[in-house]
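The values are calculated or read from the model by the stated rules, or taken from the named source; none is laboratory data. Just so we're clear, the structure is a prediction, and the values are computed from it rather than from any experiment. Counting neighbours? That spans all protein chains shown, and the Cβs are built from the backbone with ideal geometry, glycine included. The protein model used for the area step is the full one, side chains on, heavy atoms only, and it has no ligands, DNA or RNA in it. Shrake-Rupley method; radii C 1.70, N 1.55, O 1.52, S 1.80 Å.
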Amino acid sequence: NAFSKNYDSLTGVIIPVTVKIIDSNAVPSGVSVFYEGSREDYKLVSGKGKRDIVYYYSEVKPENKGNYWHYDSNGKTPIKWEY
């Protein structure tokens, strides 16, 4: 429940690729997970439970549609790739 208290306006969290375990209750329902690795990397993370939506990092816009994101020009804010 890392983000469940006092985070009513939380819409997304960035999870570094170095994270190997995510407790099933760490991220509340309805909060997007912006994972700094690939879909294949995320499959190796244990304990993550069910998520509403996970976005996978891609510095360039992938040719195939999917849940991908990148940082905006300030290098801090996650931006979803639009198709």
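Among the residues that make up the stretch 58-72, is at least one of them open to solvent by 30 Å² or more (accessible area, probe 1.4 Å) and at pLDDT below 90? There is no residue in the stretch 58-72 that is open to solvent by 30 Å² or more (accessible area, probe 1.4 Å) and at pLDDT below 90.
Considering the stretch 27-57, and only residues there that are among the aromatic types (Phe, Trp, Tyr) and either open to solvent by 50 Å² or more (accessible area, probe 1.4 Å) or farther than 19 Å from Thr11 by Cβ (or both), the residue that is modelled with the lowest pLDDT turns out to be Tyr42. Please name all residue pairs, on different chains or six or more residues apart, with Cβ atoms under 7 Å, provided the first residue is in the stretch 45-64 and is farther than 14 Å from Gly30 by Cβ and of a type in the set (S, T, N, Q) and the second residue is outside any loop (DSSP other than H, G, I, E, B) and at pLDDT 90 or above. Within 7 Å, the pairs are Ser46/Ile21; Ser58/Tyr68; Ser58/His70.
Look at the stretch 11-26: where a residue is of a type in the set (Asp, Glu) and a partner is outside any strand (DSSP E or B), sitting 6+ places away or on another chain with Cβ atoms under 7 Å, you get Asp23/Gly47.
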